[in-house]
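Each reported figure results from applying straightforward, stated rules to the coordinates on display, with no laboratory input. Computed from a predicted structure; not experimentally measured. Here Cβ is always computed from backbone atoms with ideal geometry, including for glycine, and neighbour counts include all displayed protein chains.
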Amino acid sequence: MSSNGFFKNRGVDVKVSELTKSYNTAAEQVRALKGVEWQIGPGDAVALMGPSGCGKTTLLNILGGVDHPTGGEIVVGDQKLTSLSERELEKYRLHKVGFVFPVF
């Protein structure tokens with residue numbers, strides 16, 4: 001932490017372009033994300049809100065490198081997540097991402 005109580009690194013840009021995610025079930029294809037466009041600047045605070053099933057968790061899992069999109073592009077800082085290998089995604093999760101799971 002810096003002397004003013006804030007982190008020295010204010011974060012990185014996150015850019016999501018034309019992001020899609022589909023799941024195939026026995027009955028149908030479910031489109032969880034449909035062409036998401038989104039940009040967050042360094043240090044920005046963001047809240048994802050919406051009804052159940054609208055894609056919030058899917059988006060967070062993809063941003064965290066846990067899941068892969070069906071299409072589109074995600075750039076975090078200078079890393080294009082959609083082109084990283086599994087090993088590179090492991091390093092990304094280890095060094096750049098943190099998850100906090102709620103307990104009810």
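Answer yes or no as to whether Gly65 is among the small types (Gly, Ala, Ser), surrounded by 11 or more Cβ atoms within 10 Å (Cβ to Cβ) and either under 17 Å from Phe99 (Cα atoms) or in contact with a helix residue (DSSP H, G or I) (Cβ under 6 Å, 6 or more places away or on another chain) (or both). Yes. Every condition in (1) within 25 Å of His95 (Cα to Cα); (2) of a type outside the set (Val, Ile, Thr); (3) exposed (fewer than 12 other Cβ atoms within 10 Å of the Cβ) is met by Pro51 except one, and the failing one is (1). Going by the conditions given, is Gly35 loosely packed, with under 14 Cβ neighbours inside 10 Å and out of contact with any Cys (no Cβ under 7 Å at 6 or more places or on another chain)? Answer is yes for this residue.
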